Each structure stands twice: as C-alpha cells, then as structure tokens.
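Novice: Before anything else, here's the structure in question.
The values are calculated or read from the model by the stated rules, or taken from the named source; none is laboratory data. Here the structure is a predicted model, which is why all the values come from computation and not from measurement. For neighbour counting, all protein chains shown are included, and Cβ atoms are generated from backbone atoms with ideal geometry for every residue, glycine included.
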Amino acid sequence: MTEIVAICVTDAKANCVVAGGDPKTITITEVTLIPIPFCNNSIRVCVKCVSDLLIGNLSANITQRESTGISERSDLNWSPVAHGFIAPLLPIEGYKDNINIMNYRPHIDANRQWILSELDLKLMALGCYVLGCAGGGSTYTEYLQLRNMSRAGHVFRVAESSALSATDVVLYGGYMGSPAVSVERTSADEFMDATKELLQFLGLTKYSAVMGLEIGGGNGLQAFFAGSSKRLDVPCLDADWMGRAFPTYYQTTLCVHKRGELAPAAISSGDGRAMIMTKASDDKVVDVALRAACSEMGSRVGMAGKPVSGLDVQNYAVMNTVSLAWRIGRVIQHCQQTSSLCHVAEMIIDEVGGSGAAKKLYCGKIISVENKLYKGHNYGSITIEAANEAQDGVPLPFKTDGVLYIPYKNESILAEYENPQGLKTVLATVPDLICVVDANSGEALGVPEFRYGLRVIVLGITASPRWTSTSEGLALGGPSAFGYDIDYQPLGIYETPRSVIEEFAPV
C-alpha cells in the first residue's frame, strides 16, 4: 500500500506542475485511502497538493491546450451556482447561543427522571462520539432524528439504575457492523425491528427500562429511540455495558461477570430481513454468527440482546455514562461558544475525573490513514506527526516530537509513540479509552472522519473497574483480545461520573 500511495503522490505532483504549479513549492495537503463500498479489496487513493503559481508553466500549458484544440468556455454568463456545481449556502442550525451553557440546568421531574431537551440531546451526541474511541458510528444523523422527534412532541426520559428493583426487566441493544456504513446509509428502525422480533419470540410484554449496549458513538443514543414516548415509552437508564465502544457484542461487562447471557438475540436490517439466534455454546459464538449474517445484510444491522434483570444492571453495568457523555458535550459546546478550543482537552479531562483519571497523550497532524472493511469491521490505523508551529502556522496546546501510531478495529486499540531515534513506547491500550479530538472544533473524530492533514489531540481516559479489576475483563477487553502481546498498564485511577439527576434533582 505504501508503494501505491507513493506512485499516486508522484502523479499528483506531476499534474500540479502541468496545471502551472511551481515544483519547488509543492506541498501534499491530503492523502486519503477510502475503501470502495461493496467491492472487496478495492481502495480509492486521493492525493491533493498545493503550490505557488509559476506563470511560465501556466503559459506553456495554455499554449499547449490551444494547439490541441481545447478551448475554454466562452459563455461569460455561465454560472457554476446555477448549474449546480456550487451548493448554495444553507442557514446554520440555530439554537440559543446566548445561553451560558455552564449555567444551564437540565429538567429533573418529581419522580427523579431526567426529561431531555433538544439541547440535552445535542450535548449527549457530542459526548457520545468522544467516548466512542473513533467507533460506534457517527452521532450526527441519530441526533437529527432525535431532535425531530423532540420537536414533534415526543418525550425522552432518563432514570437512575438505583431506581430499579432486582426483578425489573431491562431491554438493551444497538447497532452491529461497520461505523463507516452509517456515513452512506441513514438508519431506519433496525434496532426497534430487532427488539420487536425478540420480544415476540420471548413472549415478553412487560419491561421497565431500556439501556444502551455501549455509550460510545451513535450506539450511545439508540436507547432513546426505543424508550421514547413514540416507541416503548419507558425510561432509558444512565448506564451501559461498556463505558465506551467496543467492536464486538461479547466485549461487555455483562460477559465479563456473567457468562452465557447473550442469547437469544435478534438482528434486523430494517428492510424486512431479521434473524434470531436462540442459543449458543459461548458468548463469542453469538457475535461471530450474527456478524456473519450482518455482512450479508449490508454490514450494518440493529441488534437486540437478551433482556436482563435490574439486579444484573446494578451489579455489572458501567454507571452514569449518559451523564458523562452530557458533561463532555457541555464543555465542548462551552469551548465552541467562548472560542476557547485551546482548552477543550483540559476541560474534558476535568469532566472525566481530572489528571489522575485521564491524560493528553499527543497533539499533532494526521499524516497517514489506512482503512479496510472486513467481515463487518473497519480495520486500519492512523499515524500522527507531532505538532509543528513553524510549519502549520497555528500554535497548539503543546509540542513534542516523533509520531504516534493508533491501530483500530472499529475503535482505537492502542497509542504507540515513536521518537525520532526510532524507540517505540506504548502510551495507552484498551480497555482504557483512546479518543481522537479535532483540534479545530473540539469534537471527536471517528473512523469515517480520519483524514490526512487534520490537526488532532489524542486523549487517554481510564476505563471502569468493571473491566480492569479482573483477569476476565482484561482477557475480553485488553490488548490480548486484539492480538497484541502487551501487558495492560492503567492510565490512572477511574472516577465514577457524577449523575446529572443527582446533581440537578429538586430538593
């Protein structure tokens, strides 16, 4: 792949010179490797470069074009806008920018249930994508759908897990497949279709709440669709089974502490195709079988897991993760409103527990992106070059040297630093969270958004003890689960996020 990219870079430079560019000032601004959808082992390579204009080259090029009979458009009234080559500017989504976001108080009713506003949904979407560790799918389309439901009068509720009784029935699920698919295919009702199929199979008609399979990415918002007054009309729990995003169904804290609880499970493609797996010999088999079907159903399906008890949620789930996503989104929105994005990393770190629980691992520019789709997963890596103020022109929070390498399987697996002398050091590994944030917007970047030239900040956040306190947790969610012979070293000490309901509930 490196040789192919080098050939494309050479061709791009040659085309730049032909177009009138000065070969001495050519700079590569973007190198993108994009898997071609639905075509195995096919990748499109896009290389962009810029240079100073060399008038002599341009004049020679124009002369050559005239001699070959190529003429410029002579219609002076021709408009690129009128012919659809430039999209008209659309009004930016308006919302109350004059609100001091840090003084905003969410609405908690007398039953200690959090009634979500449109602003709450926006903040959660921002925070969920950070916790997705580059996976879980983009939150933007899910947010737009939830916003439209809210404007249509539908209600979303969040409840504390402590409000459950031991015997309450809790539903959960989300999306399975490649996060890149969500960019080109908007979601339908896959998750709800899968949930209905499973409930019908089980003959289950009573349930108390829903919760997300994972808080990371678009999956972190799926429970709100199911729990809304438009669907099942039950509260969503302030908890999930990962505390982040992981690429497989069996990489959950439920499987860490209680094996054999994944089947029966159902998947649906949203276009009339559904499948139920009734039982399995172990948890991994459930994911392998369903993901094989997922690949045949478009590499993205809704998935509903076997309902769990309230006691299981209280004993094994990662708590207050919806609150954490909201808090992270709030500081991102604050930094955007106050033009203080240079502090966004520090403010996110404060929200997840401070410097003892999270770290800013690196800051720089993406110089390489590799990606491929295989069996419903996105595999690849990004390489980040250290920030260089003199080269990039804009100062960043800190500067260092060397490069940072982040491989991923839907989600980031580890962050490996290589100094100029070639010495490599692992800075962070799963199950700790490795989050890539756009330095220009403060928002998270996922696998579909990784691009050459983007300035990024890499954060590391300590994982929940539900993962790290047992050897089983590290076996399922640690480096060895992804084929790396590396011992897990925790980034810090985990801090349980403070519940929004606890903080803002009326006295």
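Novice: Which ones in region 234-260 are at pLDDT below 95 and within 23 Å of Q314 (Cα to Cα)?
Specialist: Passing the criteria: T248, Y249, R259, G260.
Novice: Shifting gears a bit: Please determine, by comparing only the residues of region 406-451 that are among the charged types (D, E, K, R) and in a loop (DSSP other than H, G, I, E, B), which one is modelled with the lowest pLDDT.
Specialist: If we take residues in region 406-451 being among the charged types (D, E, K, R) and in a loop (DSSP other than H, G, I, E, B), then R451 is modelled with the lowest pLDDT.
Novice: Out of the residues in region 21-47 that are at pLDDT below 90 and over 30 Å from G298 (Cα atoms), state the one that is surrounded by the fewest Cβ atoms within 10 Å (Cβ to Cβ).
Specialist: Checked region 21-47; the qualifying residue surrounded by the fewest Cβ atoms within 10 Å (Cβ to Cβ) is T29.
Novice: List pairs: first residue in region 420-433 and within 26 Å of R244 (Cα to Cα), second residue basic (K, R) and part of a strand (DSSP E or B) anywhere in the structure, Cβ distance under 9 angstrom, at least six positions apart or on different chains.
Specialist: Listed pairs, sorted by first residue: L427/K359; A428/K359.
Novice: Let me ask you something else. Would it be correct to say that V322 is of a type in the set (V, I, T), assigned to a helix (DSSP H, G or I), free of Cβ contacts under 8 Å to residues at least 40 places away in the same chain and crowded, with 17+ Cβ neighbours inside 10 Å?
Specialist: It is false that V322 is of a type in the set (V, I, T), assigned to a helix (DSSP H, G or I), free of Cβ contacts under 8 Å to residues at least 40 places away in the same chain and crowded, with 17+ Cβ neighbours inside 10 Å.
Novice: Follow-up question, since we're still on this one. If the requirement is being under 30 Å from R105 (Cβ atoms) and of a type in the set (G, A, S), which of these qualifies: S469, S464?
Specialist: Sole residue among the options that is under 30 Å from R105 (Cβ atoms) and of a type in the set (G, A, S): S464.
Novice: Continuing with the same structure: Is there a residue in region 191-203 that is part of a loop (DSSP other than H, G, I, E, B), in the same structural domain as G272 (by the TED database) and basic (K, R)?
Specialist: Taking every residue of region 191-203 in turn, none turns out to be part of a loop (DSSP other than H, G, I, E, B), in the same structural domain as G272 (by the TED database) and basic (K, R).
Novice: Ok, one more. Quick one: which of C294, C335 is assigned by the TED database to the domain that holds G217 and touching a Gly at 6+ places or on another chain (Cβ under 6 Å)?
Specialist: C294
Novice: Okay, moving on. I'm checking my understanding of the structure. Among residues of region 401-419 that are hydroxyl-bearing (S, T, Y) and touching a residue at least 60 places away in the same chain (Cβ under 8 Å), which one is surrounded by the fewest Cβ atoms within 10 Å (Cβ to Cβ)?
Specialist: Out of the qualifying residues, it is Y408.
Novice: Sticking with this structure for a sec: Kindly state which helices (runs of 4 or more DSSP H) lie completely within region 53-171 and contain at least 3 residues that are under 18 Å from P235 (Cα atoms) and at pLDDT 95 or above.
Specialist: 118-131, 140-151
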